[in-house]
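Here is the structure we will look at, set down as structure tokens.
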Amino acid sequence: MILSVILGLLGLGLVVLVHELGHFFAARALGVEVEAFSIGWGPRLVAWKRGSTEWRISAFPMGGYCRMKGEESFRTALEHKLETIPREPGSFYGASPWRRIVIALSGPLANVVFAALVAIAVATVGYTIPTSSNRIVLASEFSLDGKPAPTNLPADRAGLKSGDRVLAIDDRKIRDYADLQEAIAVAADKLVRIEVEREGQRLILEARPALDKATGAGRLGLYSWIDPVVEQVAPGSAADIAGIQPGDRIVTAAGKPARHAIELLSHLANRPERLVLGVERGGERFEARIVLSYAERGSNLGISFATQPHTVRSEGFGAAIVDGLSETWNTFALSVKGLVTLFRGVDLLKAISGPARITWMVGTTATEGIAAGGANGIVIAFNFLSFLSIGLFLMNLLPIPALDGGMILMFFIEGLRSRPLKTRTIYRFQFIGMAFVFALFVLATLSDLFFFAGK
């Protein structure tokens, strides 16, 4: 847990630091002095002077900040009730509005460049994640929580059936369940063409994935068909005590067929205290009598089933550049869609993540990936940071006061007017922005609290 938090802070801090470096290099290139640049926040641990800039390493590794000359002029103008902000040579407000726009824009753009470079590196090195086959199970046929199974799901209306193998969605080849999830997640409320294989025949069906209001993603109502072949048995679990071993195949549960993992897990929906499993090992069958207990997160069954690898890697560096840039664009488009879905009835307390949850997600991605695959886990974590960088780019360019987008809007108006904005006008603009950002922070914090509380 502590390692996850540390790695999460470092990962999130790196994305913020790249953003601030964008502001730094633009300011220096356009003649604005940078008084201080800090790696991290809080009390200074180390500081040294180079040129007109004091470089600092601060106590808390959460990104950093770039303090430009004249940034305090706004507060000075308010305190002394000056009509406009003082504009010293070499200061931020002393630069023309157009130069200030470039400086404000350079932070978000640095995040895009970082995301693209990371995406190219990831495509070059490649990574592997565990998934399952492209064979499906209808969610409407099984209950996993003791409640009646949902009915009339998009998959049912489309005519999909359990056991179908999904071959393509809108002419995109589907290799495995990871491909299937990705293709459906971005297609909420969109009519998609699905090619399936059923009993040796190929069929073309049409489906319209529903919008999942908890996540903003598209959903058909499917589970993955996972053959009930045991990959791992948790030491001391109910399955371990009953003598189940890796390589065993579960063929029946409570005397009924267990064709796939979902069918097996459905027998746990009503929380039975005992469960008899029919097990096949080395061509022979026997019964394993399981004594179960339950906690908030599920049973103590202790079985994980065999997966198959999903590998993402480009063929050569040239292809990696193309694939990396394409992935960056796709991530941008997906992030824009995500912002739009916030206005379509999505549950904001579930869809919005605050700093705590983002830190946890980055850290957990890194630690779990490293534990499972060493360097592969680091690559997966950086891939997540690339996605996060695009999100930061978009959020910062929203025309909200106190964000870069709000600053750009303000400087653009000033440039069109060809005269400085009044101090009180800027103050009112910034006050509205701070109120909005504070409300967003409260909403994100509540979302994080509900998430960690399991609500």
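The values are calculated or read from the model by the stated rules, or taken from the named source; none is laboratory data. Note that the coordinates shown come from a computational prediction; the quantities given were computed from them, not determined experimentally. Backbone-built Cβ (ideal geometry, glycine too); neighbour counts: all protein chains shown.
Observations
- Checking each residue in the range 186-239 for being of a type in the set (Asp, Glu) and farther than 30 Å from residue 252 by Cβ picks out 189, 195, 206, 212.
- From the list 85, 101, the lone residue that is assigned to a loop (DSSP other than H, G, I, E, B), over 27 Å from the mean Cα position of the chain (by Cα) and buried (at least 18 other Cβ atoms within 10 Å of the Cβ) is 85.
- Counting the residues of the range 225-244 that are of a type outside the set (A, V, I, L, M) and crowded, with 21+ Cβ neighbours inside 10 Å gives 2.
- Here residue 283 fulfils each of the conditions (1) modelled with pLDDT under 90; (2) on the phi < 0 side of the Ramachandran plot apart from (2).
- Taken together, the criteria exclude residue 175 from residues that are free of Cβ contacts under 8 Å to residues at least 60 places away in the same chain and within 18 Å of residue 307 (Cα to Cα).
- For the range 314-328, filtering for residues that are touching a helix residue (DSSP H, G or I) at 6+ places or on another chain (Cβ under 7 Å) and surrounded by fewer than 17 Cβ atoms within 10 Å (Cβ to Cβ) leaves 3.
- Here residue 222 fulfils each of the conditions (1) within 30 Å of the chain's Cα centre (by Cα); (2) loosely packed, with under 15 Cβ neighbours inside 10 Å; (3) within 26 Å of residue 150 (Cβ to Cβ) apart from (2).
- Applying the criterion of being of a type in the set (Gly, Ala, Ser) and not in a helix (DSSP H, G or I) to the residues of the range 296-327, the residue that is nearest to residue 112 (Cα to Cα) is 314.
- Residue within the range 208-221 that is among the β-branched types (Val, Ile, Thr), out of contact with any strand residue (DSSP E or B) (no Cβ under 7 Å at 6 or more places or on another chain) and not assigned by TED's automatic domain parsing to the domain that holds residue 167 present: no
- Leading residue by the ranking (modelled with the lowest pLDDT) among those in the range 131-169 that are closer than 24 Å to residue 294 by Cα and of a type in the set (Asp, Glu): 145
- Among the residues of the range 118-128, those that are buried (at least 16 other Cβ atoms within 10 Å of the Cβ) and either at pLDDT 95 or above or among the hydrophobic types (A, V, I, L, M, F, W, C) (or both) comprise 118, 119, 120, 122, 123, 125.
- Within the range 219-246, residues that are touching a residue at least 12 places away in the same chain (Cβ under 8 Å) have Cβ atoms under 6 Å from residues that are assigned to a loop (DSSP other than H, G, I, E, B) and charged (D, E, K, R) in these pairs: 219/212; 230/248, counting only partners at least 6 apart in sequence or on another chain.
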